[in-house]
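Since the structure comes first, as structure tokens, the remarks are kept for the end.
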Amino acid sequence: LSGHPPFHFDLSTFDIYGSLAAGAELHLVPPEANLLPHELASFIRRSELTQWFSVPSTMAYMAKLGAVTAAGFETLERVIWCGEVLPTPVLVHWMQRLPNARFTNLYGPTETTIASSYYTVAECPSDETEAIPIGKPCAGEELLILDEHLTPVGQGEIGELYIGGVGLTRGYWRDEEKTMAAFVPDPRAPNSGRRVYKTGDLCRLGEDDLVYFLGRTDTQVKSRGYRIELGEIEAALATLEDIREGAVVGVETEGFEGVAICCAFVPATGEQSGNDVRQQLRNLLPPYMLPSRWRVMSSLPKNANGKIDRRALRESFAAEGDRNHTVTR
């Protein structure tokens, strides 16, 4: 099994104790390899890994730079990702090249002890716009999709995800106010002493009885009079072949726009401009969802856990003021 996350990242405990419980070898990924996709591929081959576990941004980076090949990855039996949404085109790229490996999506906040749900992809998606579910609860966990009144929503309807069960932590260290806001009484039995965790994630239950992640409650913005889910724009962006990676954030403005939709992206060839990407997105999104501000970057900012640092992007776009043009960095 690969040990990719740094030890301060909660996902590292899955690697450590999962390996110990299974009597497996744990191979720690050298930090210097994280920015070198082909070195990561070489690490998989040298270590003869059977399980590869990383955040989606790493898998996307390896796919976009052609580091995923069938040759040398024959030992891989399972590929696991967690922490972010894996764009379906990236999943298709990996599955086409590793037809004998199983691919599993894990989902779960730190507050519910690493993984609360899972989904193993049955077959390679034929449609690259197809959403990949976060699946069904892990043993001892519960997934509840509720409205603002803590009432269950109907199948197919959008609600906020609450998690109950054995994985819940006691709360935040020495922060009772934050704990009470996030860990609320179980609405099914409010006097029982049981609690559920308010994730802030928007989800729906599909006709297949699997849970689908749709975005964050704090990434729903109102721009130009429309309510927009920024994750839908990112999903469309991820389908473009000329984009290595991208992120979309909302920035408050004082004008009619309300919230400016801002897009930062890394082109695959270095020749794509914001106008080029905007024209491609016109075929996938309605006009009101198209970003108004663009930034071409050599790499997106990442936090200590390897995830895209959207807060840093928001602050950077906000610092530019109300300028409405493509910025190249």
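Ordering His4, His149 by accessible surface, largest first, gives His149, His4; the 1.4 Å probe counts only protein heavy atoms, with every chain in place. Across the options Tyr197, Ala60, Leu161, the greatest Cα extent toward the positive end of the charge dipole of the chain (unit charges at beta carbon of Lys, Arg, Asp, Glu) belongs to Ala60. The residues Leu284, Leu202, sorted by heavy-atom accessible surface at 1.4 Å with ligands and nucleic acids left out, run Leu284, Leu202 from largest to smallest.
Average accessible surface for the chain: 51 Å² per residue, computed with a 1.4 Å probe over protein heavy atoms with every protein chain in place. Charged neighbours of Trp52, selected by a Cβ distance under 12 Å, balance to 0 (K, R count +1; D, E count -1).
For Rg and Dmax of the Cα atoms in Å, the value calculated from this model appears in (1) 20.3, 60; (2) 19.5, 65; (3) 32.9, 99 under label (1). Sequentially through the range 71-84, phi angles give Karplus couplings (6.51, -1.76, 1.60; θ = phi - 60°) of 5, x, 9, 4, 6, 5, 9, 8, 10, 10, 9, 6, x, 8 Hz, Gly and Pro residues having no value and appearing as x.
A Gaussian network model of the chain, with springs between Cα atoms under 10 Å, assigns the largest mean-square fluctuation among Ala70, Ala24, Ala264 to Ala24. So what's the gap between the Cα centers of the range 46-62 and the range 187-208, to the nearest angstrom? After rounding, the separation between the Cα centres reads 32 Å.
A Gaussian network model of the chain, with springs between Cα atoms under 10 Å, assigns the largest mean-square fluctuation among Pro56, Pro30, Pro133 to Pro30. Computed extension gain for Ser273 through Ala139, at 0.36 nm per residue and net of the alpha carbon distance, reaches 43.6 nm. Of the heavy-atom accessible surface of the range 207-294 (probe 1.4 angstrom), what whole percent is carbon and sulfur? In the range 207-294, the share of accessible area belonging to carbon and sulfur is 44 percent.
Only helical runs count toward this figure. For the chain, summing -39,500 (n - 2.57) over DSSP H runs of n ≥ 4 and dividing by all residues gives -6500 deg cm²/dmol at 222 nm. Between Arg224, Arg170, Arg310, the Gaussian network model of the chain with springs among Cα atoms under 10 angstrom shows the greatest mean-square fluctuation at Arg170. When peptides 8-20, 188-200 are ranked by their average number of other Cβ atoms within 10 Å per residue, the highest-first order is 8-20, 188-200.
The values are calculated or read from the model by the stated rules, or taken from the named source; none is laboratory data. What you see is a predicted model; the values in this text were computed from it and never measured. Cβ coordinates were reconstructed from backbone atoms using ideal geometry, including for glycine residues, and neighbour counts include every protein chain displayed. Ligands, DNA and RNA are stripped out before the accessible areas are found, and what is left, the full protein with its side chains, is counted by its heavy atoms. Shrake-Rupley method; radii C 1.70, N 1.55, O 1.52, S 1.80 Å.
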